[in-house]
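Peer 1: Provided herewith is a single structure, encoded as structure tokens, for subsequent inquiry.
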């Protein structure tokens, strides 16, 4: 069973009251007790964006995939009549949203919401295909109408909500009293209302007093021994009577036991209670109004109270009484409604309307120790009977029973023949689909009252002239009159006019070709690129130039995602199209395609007499073997290969055969075939586009048909079916849809056939008339049995009707329901944004969004930014299972595609715009760069993306500003706060295990993060410096340095010149070596950093500068490659690193390594390096001297043992880390499973 729980009641005005607390405990217990059931929780993004407390609570125990958010245009509170249109739109949005989740049961957590807040309330229609249950807390407004329903507006609103509650399939009362009240007041049958009960949260328990709890009490103005007055800012809580009853107590008791009203109160209520107290004669300090208290304060208050008193006039359950009992306190309560059921002891009850009785109960509990102890002991035992696991079991049992009940019968069909708008090219358009539609429409008209929609003048055959015919403009104006709409899409410009119509008027779609790329690039190259990026991600396009013959990816990228998303349902004519869909968009996309065989009218059987007559009519001798290829001639049909095979065959070489291409042919293809034929010494027939009669005559004349394909677009060949249906012996290659063809009905060559095999197949058939007849009969039987128009039309009807009845149909019908709001000035844009966030398109590819905002704003060429460019390039080169898209965020928190950055990384120019990027469930966002001063709007946008179902991760390069703050002056003002911000998302991906360990240790020392699920993964960096072309690396200004390095052993240091990098120690060490007469140069390659002004001045003026000391400032990648190649070895003297990328770069150039003995360097280099310790120049000088000697002797450890990755390998490791982190977050890859 799939249960969808609307949890808005825990988000709105009641979130901090009993309803909100009840729902939080209920959803946790339902999750823990769900067994094999599926639970999806629905939240409102509008309510959550101000305070994502409910979302954060849920993520403490639920995966991301179990939480779905919807968005609306607000405000919608019913108290303001100006909100009516928005409120109605919100209701329709919520209904469609929940229906699209395909629930078995929907449980509304709280139905009486939305009067003063923006909770959307659904009114599910009687035709719903799921069961609906409601949690019912009370019907107190009916019990006390004078207090709650005095105003006509609120009374009307409550009556409307009451009708919806009464119309639910099942009510789940939180107490037996509520169950009985619902039965009697709403007149419901006994089985319509079930009592599921409630319980206190486990945190409410006996807790000994501590200094911390006493401090909490003191902050509330309390000390142990007070009377805990349970209440709320609501007249039925009866607080006036409690204060007056308390005032009846002896002053000595009041002095020892002040009365504390522990709840949130408005300022007006506080003043009123103060006046009541003064009038009753209470002294200062005898009444304490705490205001709102946190859960921790509430627990401390319960445990410190002398007694808990609950004087309410009416309750649905009375949870505070149970909480007080669970904390071991004596509890007194009203004898009204549900409270006796909770307390379970008559001598603990009083008449709430009798202040003397309240006072007497209070005095007894405060003066009779035995009585108080007995109440406390009873309360502890009684509270143990109320258990959330039991509540969950009762709830699941009630919902299981409800789900097992049969749904009402589906509504009757619209009519035996609904109206259908049929959009397709039609004759005389030179399109195979036009010709096919003309043949298929009479069969489909048996199921629908069809009207034809076209974009150009047509000539209808007699069989279709009774059908109404309209142009596009008419259809745009009159589309609402149709019950159904059907689009026929193909991969040619005959269909380009349908794209804007489908976007505005969704309908069922037939994809005759799964690929639409030829059609799209026909519009313009830029249009194709934008469409391809929308369908397959920018990574697919930057990889496209790797195939020189198809630099735009037309043959590899279907480009049809928008059509799949906008269609109510999709029909394809072969399984190959479904395989293409799975490859391009995943298995869910493939499963959504309905396979209906391509309909073909079975032609008359071609016997020998008919074949001779047809040949005679075409001027062909009766004894000639006619080999024909049918259909439009283009490079995908492999015509030149057929020509060459025909020449190689005996039938072609002997002159007994004739080769004819029957179908439209372009000028270039015709010239190519003519050149090939002339070169090979034969003549080839090219009919061009011919009418139906001429086409049929060629079918009758053919002895053998050859239908070849490559780079299939997912099409089914109507021409192939014509050949089979005409009884022609046919040869195919096993490509695309033809791979599924039964070998008993045609000669099937391998997909990648050779021409000799094709020539042999021609000769075998030419020599064997009986086999030709047998194959022809088998092919004709197949077409008659599987492709009959009547059967295919019935299958079309089934698919179309199922699509219009599917759960997603509510989403397609929503625009019409929201038209009144859309017409409101200023609402259109807000509504479009809310709908886009609420209804992610289906199907869709998972997006890996790489936030590169900092490098887009300022590419300073830092080490981190070098890493980002390498990593993104590696991901572009390797990842095809998801869309790898670099993005950046503007100051308002909008995600935009970083097209120029992507093009720079890929080294190509596509001309793509920096367009907005929508975030959908299942997407993963990785913030790759450190953004020191990110605007609040950007942090809020990341949190909103997470609530919408995206996994948000941060790349962590190191925690050095926290671990070694003295090296990072000024970072203390922002870095610790930035790290804390990252900890509020789903996880981090670190560049080394050592960095991951540092993050884990940091979190372990922070108790506020202890219970928050958080993924910590790691990967290693890569390098491609060694792949630079030889001789192309060195910039002119470093030529003298490179020449010197070739002559003298030179030690290279790579990295920004900053305090932790060890440059001071290294230079001092070399000065000692030089003074001792040791050979060796020091080469420093790195930009100017911070807090090193004195060192930089010393570097500039050093007497060895240009002799044995060299500084290459701001080297590029090519420069670094040359420096590594010329160096004797690499020195990494840094006192702290997140990884140490120069180690990998040097290792890929085969350079020996001298590294400071840091855990991260051990992780990266292992035993393939020499290590040193100490921060004094002497220790490093000694290590350098020994190391250089070992290099000279050939005994230094080889860096070949370093696991040096290139960027594609690093990207693969990074992707595995990201997938692991997303898996821990519970982010689904392709929507909720069903």
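Laboratory data are not the source of any read-out in this text; all were calculated from the coordinates shown. Everything quoted here is computed from the prediction, not taken from an experiment. Every residue, glycine as well, gets a Cβ built from its backbone with ideal geometry; the counts of neighbours run over all protein chains shown.
Peer 1: For an R0 of 51 angstrom, estimate the FRET efficiency from the Cβ-Cβ distance between residue 836 and residue 176 and round to the nearest 0.05. Don't jump to the answer; show the numbers that get you there.
Peer 2: Details: r = 46 Å, r/R0 = 0.90.
The pair residue 836/residue 176 has a calculated efficiency of 0.65.
Peer 1: Gain in length, residue 1046 to residue 102, computed as 0.36 nm per residue apart minus the alpha-carbon separation, to one decimal in nm?
Peer 2: Here the segment from residue 1046 to residue 102 would lengthen by 332.7 nm.
Peer 1: Using the Kirkwood radius over C-alpha pairs as Rh, can you work out the diffusion coefficient of segment 648-695 via Stokes-Einstein at 20 °C, viscosity 1.002 mPa s, in µm² per second?
Peer 2: Numbers: Rh = 11.8 Å.
For these conditions, the coefficient is 182 µm²/s.
Peer 1: Okay, moving on. Given the alpha-carbon gyration tensor of segment 608-786, what are the semi-axes of its equivalent ellipsoid in whole angstrom, ordered largest first, with each equal to the square root of 5 times an eigenvalue?
Peer 2: Semi-axis lengths for segment 608-786 are 21, 19, 17 Å.
Peer 1: Can you compute the modelled spin-label distance between residue 493 and residue 634, with each label point 7 Å from Cα toward Cβ, in nm?
Peer 2: Calculated label separation equals 1.3 nm.
Peer 1: For Cα pairs less than 8 Å apart in space and 6+ apart in sequence, what is the mean separation divided by the residue count of segment 524-664, i.e. the relative contact order in percent?
Peer 2: Contact order relative to length: 15 percent.
Peer 1: Report relative contact order for the chain in percent, whole number only (criteria: Cα-Cα under 8 Å, sequence separation at least 6).
Peer 2: Over the chain, the number comes to 8 percent.
Peer 1: Let me ask something else about it. Can you figure out the FRET efficiency of residue 587 with residue 1216, using R₀ = 25 Å and their beta-carbon distance, to the nearest 0.05?
Peer 2: 0.75
Peer 1: Kindly put 113, 1093, 478, 286 in sequence by how many other C-beta atoms sit within 10 Å of each C-beta, fewest to most.
Peer 2: Neighbour counts put them in this order, fewest first: 1093, 478, 286, 113.
Peer 1: At q = 0.13, 0.15, 0.16, 0.19 Å⁻¹, what log₁₀ I(q)/I(0) does segment 847-1017 have when each alpha carbon counts as one equal point scatterer in the Debye sum?
Peer 2: Log10 I(q)/I(0), no solvent term: -0.65, -0.88, -1.00, -1.41.
Peer 1: Residue 127 versus residue 1096, label points 7 Å from Cα toward the beta carbon: distance in nm?
Peer 2: In this crude label model, residue 127 to residue 1096 measures out at 7.3 nm.
Peer 1: What is the fewest-to-most order of 148, 796 by other Cβ atoms lying within 10 Å of their Cβ?
Peer 2: Placing the least packed residue first, the sequence is 148, 796.
Peer 1: Here's a follow-up. Would you kindly state how much longer the chain becomes between residue 610 and residue 1157 on full extension, computed as 0.36 nm times their sequence separation minus their alpha carbon distance, in nm to one decimal?
Peer 2: Computed gain between residue 610 and residue 1157 is 187.8 nm.
Peer 1: With N set to the residue count of segment 813-904, report its C-alpha Rg divided by 2.2 N^0.38 Å to two decimal places.
Peer 2: Cα Rg divided by the expected 2.2 N^0.38 Å: 1.47.
Peer 1: Say R0 is 30 Å: what FRET efficiency, to the nearest 0.05, do residue 790 and residue 522 get from their beta-carbon distance? Show your work: numbers first, answer last.
Peer 2: Values: r = 35 Å, r/R0 = 1.17.
Efficiency at R0 = 30 Å is approximately 0.30.
Peer 1: With just the Cα atoms of segment 2-195, tell me how far they stretch along each of the three principal axes, in Å, largest first.
Peer 2: The Cα atoms of segment 2-195 stretch 45, 40, 34 Å along their principal axes.
Peer 1: Return the distance in nm (one decimal) between the two label points of a simple spin-label model at residue 407 and residue 472, each offset 7 Å from Cα along Cα→Cβ.
Peer 2: A separation of 3.8 nm, rounded to one decimal place.
Peer 1: Once Rh for segment 1053-1117 is found with the Kirkwood sum over Cα pairs, what is the Stokes-Einstein diffusion coefficient at 20 °C and 1.002 mPa s, in µm²/s? Numbers along the way, then the final one.
Peer 2: On the way: Rh = 12.1 Å.
Diffusion coefficient, whole number: 177 µm²/s.
Peer 1: Bin by bin, in steps of 10 Å, what percent of the Cα pairs in segment 535-602 do you find, going until the bin that has the longest distance?
Peer 2: Pair shares across the bins are 19, 43, 27, 10, 1.
Peer 1: Output the relative contact order of segment 211-375, whole-number percent, from Cα pairs under 8 angstrom with separation of 6+ residues.
Peer 2: Reported as a whole number, the value is 25 percent.
Peer 1: Now a separate question. Gap in Å between the Cα centre of segment 637-707 and the Cα centre of segment 4-62?
Peer 2: 69 Å
Peer 1: Which label belongs to the value computed from this structure, given these candidates for mean projected area of the Cα convex hull in nm²: [x] 80.8; [y] 64.2; [z] 60.4?
Peer 2: For mean projected area of the Cα convex hull in nm², the calculated option is [z].
Peer 1: Taking segment 1099-1180, how much of its Cα-Cα pair set, in percent, is spaced more than 14 angstrom apart?
Peer 2: 67 percent
Peer 1: Rounded to two decimals, what ratio of Rg to Rh does segment 969-1113 give with C-alpha atoms and a Kirkwood Rh?
Peer 2: Here Rg/Rh amounts to 1.10.
Peer 1: Going by Cα centres, segment 70-88 and segment 756-813 are how many Å apart?
Peer 2: Here the answer is 53 Å between Cα centres.
Peer 1: Using only the C-alpha atoms of segment 86-206, find the volume of their convex hull and express it per residue in Å³. Walk me through the intermediate numbers first.
Peer 2: Details: hull volume 18.6 nm³, N = 121.
It comes to 154 Å³ per residue, whole-number rounded.
Peer 1: What Kirkwood hydrodynamic radius, in Å, does segment 1152-1234 give when the mean of 1/r is taken over all pairs of distinct Cα atoms and then inverted?
Peer 2: It is 16.0 Å.
Peer 1: Sticking with this one: Contour minus end-to-end for residue 1200 and residue 710, with contour as 0.36 nm per residue of separation and end-to-end as the Cα-Cα distance? Don't jump to the answer; show the numbers that get you there.
Peer 2: Working: separation 490, 0.36 × 490 = 176.40 nm, distance 4.53 nm.
Here the segment from residue 1200 to residue 710 would lengthen by 171.9 nm.
Peer 1: Divide by every residue of the chain the summed helix terms, -39500 (n - 2.57) for each DSSP H run of at least 4, and state the resulting mean residue ellipticity at 222 nm, rounded to the nearest 500 deg cm²/dmol.
Peer 2: -13000 deg cm²/dmol
Peer 1: Here's something else I'd like to know. Which whole number in µm²/s is D for segment 1025-1204 by Stokes-Einstein, with the Kirkwood Rh taken over Cα pairs at 10 °C and 1.306 mPa s? Provide the component values of the computation, followed by the final result.
Peer 2: Details: Rh = 16.1 Å.
Here the translational diffusion coefficient equals 98 µm²/s.
Peer 1: Sticking with this structure for a sec: Quick one: 466, 787, 573, 595, fewest Cβ neighbours within 10 Å first, how do they rank?
Peer 2: Ranking 466, 787, 573, 595 by Cβ neighbours within 10 Å, fewest first, gives 466, 595, 787, 573.
Peer 1: At what distance in angstrom do the alpha carbon centres of segment 1133-1206 and segment 281-298 lie from each other?
Peer 2: With segment 1133-1206 and segment 281-298 each reduced to a Cα centre, they are spaced 66 Å.
Peer 1: Let me know the whole percent of all Cα-Cα pairs from segment 299-420 that are separated by more than 22 Å.
Peer 2: Working: 3556 of 7381 pairs.
Above the 22 Å cut-off, segment 299-420 has 48 percent of its Cα pairs.
Peer 1: Also, quick follow-up: Can you tell me what share of the DSSP beta bridges in the chain is antiparallel? A percent to the nearest 5 is fine.
Peer 2: 5 percent
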